[in-house]
Amino acid sequence: MKRSFGYAAQSAQAALAPFHFDRRDTGPDDVRIEIAFCGVCHSDLHMARNEWNMSRYPLVPGHEIVGHVTETGANVSRFKVGQRVGVGVMVGSCGQCAACHEGEEQYCDTGFTATYNGEERVTGGTTFGGYATDIVVAQDFVVRVPEQLDPAAVAPLLCAGVTTWSPLRHWNVQPGQRIGVVGLGGLGHMAVKLATAMGAEVVLFTTSPGKGEDALRLGAKQVVVSTDARQMAAQANRLDMILNCVAAPHDLNPYLATLKSNGKLILVGIPDSPHQAPDITPMVFKRLSIAGTSIGSMKETQEMLDFCGEHGITADVEVIRMDEIEQAFARMSRGDVKYRFVIDMNSLRAE
């Protein structure tokens with residue numbers, strides 16, 4: 001075991017604070033990574049506060065990790081010391097079920113091993129995440145990070161990036177298609193960037209008229225205020241697909257009306273209570289689909305990073321110190337971030 005240092009929540013009521021803990025030794029199939037940057041996902045806040053009633057304490061959040069390899073196990077062939085790498089939402093899966101054999105570890109029958117607040121498959125303990133100096137991960141759950149990209153701005157790609165890339169690739173978005181994106185937050189701003197780079201014409205739906213200028217800067221061709229019935233009606237039967245990135249319960253019917261026949265409404269955000277049941281009639285008469293999707297596979301994560309490297313795509317981020325995490329959480333709660341906080345882990349080493 002090797003001593004590590006990070007920030008942890010000791011209870012749902014406690015602020016994140018300095019925490020010393022042990023990482024497992026680097027096994028034959030493992031990569032040890034010195035963490036340079038870690039993105040702050042909204043799920044980090046949910047988990048730290050036990051808002052999903054599944055948190056185990058002490059809890060070290062963080063699953064948008066970029067760093068450099070410092071040690072490799074005897075069987076590791078894909079990575080070398082000094083290489084820039086990333087770790088996302090998962091660090092393991094059963095490897096035996098149909099989903100794992102098909103390269104879709106995120107849908108593992110027994111559940112993937114989460115980067116934090118999961119069950120460590122090697123030691124049986126709890127996984128600790130990227131709000132720390134280092135991490136040890138099996139090589140199959142590590143990805144290469146393009147050297148030409150800003151590593152701080154890459155970190156959110158390990159969650160927000162692949163979560164939006166996966167449905168765009170799975171449903172085979174093509175140049176010239178009209179793709180709707182609902183919500184311009186951490187996920188939505190990446191959906192706009194990625195779909196635009198794929199050649200799609202992106203329509204951004206938002207309840208905040210003030211976000212229009214930023215959506216156009218990010219690549220959207222049109223901005224629709226979803227609370228404006230006239231603007232929504234003008235989009236009737238025009239879209240091939242919608243990627244809904246909003247995590248709050250809302251009426252899906254206005255969005256179904258904007259889809260062409262055979263159109264798809266893909267849900268990425270998970271609301272804390274169910275969406276209103278949609279009207280089945282347009283789904284039947286236009287052969288519409290409503291589907292969900294969760295993060296992305298390791299293969300998709302690498303493909304997404306390679307694509308971003310080719311197109312110069314990163315997240316829009318605000319870099320913070322580790323000791324500013326509680327202020328960042330407070331700002332996230334009120335939507336005061338464009339579009340992702342990222343922690344500079346050198347600030348942690350300075351403590």
Estimated Rh, region 110-170: Kirkwood, alpha-carbon pairs, angstrom: 13.6 Å
For region 84-114, listing GluC sites (Glu not before Pro) in a DSSP loop whose Cβ sees at most 12 other Cβ atoms within 10 Å gives GLU102
Could you compute the net charge surrounding VAL91? Neighbours are other residues with a C-beta less than 14 Å from the C-beta of VAL91; K and R count +1, D and E count -1. -4
CD proxy, 222 nm, the chain: helix-only mean residue ellipticity via -39,500 (n - 2.57) per DSSP H run with n ≥ 4, per residue, nearest 500, stands at -6500 deg cm²/dmol
Taking every DSSP bridge whose two residues both lie in the chain, the antiparallel percent to the nearest 5 is 55 percent
Net charge (Lys, Arg +1; Asp, Glu -1) of residues whose beta-carbon lies under 14 Å from that of LEU265, LEU265 excluded, is +3
Expected field for SER294, accessible surface area in Å² at 1.4 Å probe radius, rounded to 10, holds 50 Å²
Do any GluC sites (Glu not before Pro) in region 140-228 lie in a DSSP loop with no more than 12 other beta carbon atoms within 10 Å, and if so, which? GLU147
Given the pairs LYS211/LYS299; LYS221/LYS260; LYS193/LYS264; LYS2/LYS338; LYS193/LYS260, which are separated by over 30 angstrom at their Cα positions? LYS211/LYS299; LYS2/LYS338
Charges on Cβ only, +1 for Lys and Arg, -1 for Asp and Glu, centred on the Cα centroid of region 161-292; of GLY176, VAL162, ALA229, which one is farthest towards the dipole's positive end? GLY176
What are the radius of gyration and Dmax of the chain, computed over its Cα atoms and given in Å? 20.2, 63
Cα convex hull of region 231-351, projected area averaged across orientations, nm²: 10.7 nm²
Taking region 161-292 on its own, what percent of its Cα-Cα pair distances exceed 24 Å? 19 percent
Leaving ligands, DNA and RNA out of it, report the carbon-plus-sulfur percent of the accessible area of the chain at a 1.4 Å probe. 50 percent
For GLN13 and ARG217, extending 7 Å from Cα along the Cα-Cβ vector and measuring point to point gives, in nm, a value of 4.2 nm
Round to the nearest 0.05 the FRET efficiency obtained for GLU34 and ASP251 when R0 = 35 Å and r is the Cβ-Cβ distance. 0.15
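The values are calculated or read from the model by the stated rules, or taken from the named source; none is laboratory data. It should be emphasised that the depicted structure is a prediction, and the values quoted were computed from it without experimental measurement. Counting neighbours? That spans all protein chains shown, and the Cβs are built from the backbone with ideal geometry, glycine included. For the accessible areas, the whole protein counts, side chains as well, though only heavy atoms, and no ligand, DNA or RNA atoms are used. Shrake-Rupley method; radii C 1.70, N 1.55, O 1.52, S 1.80 Å.
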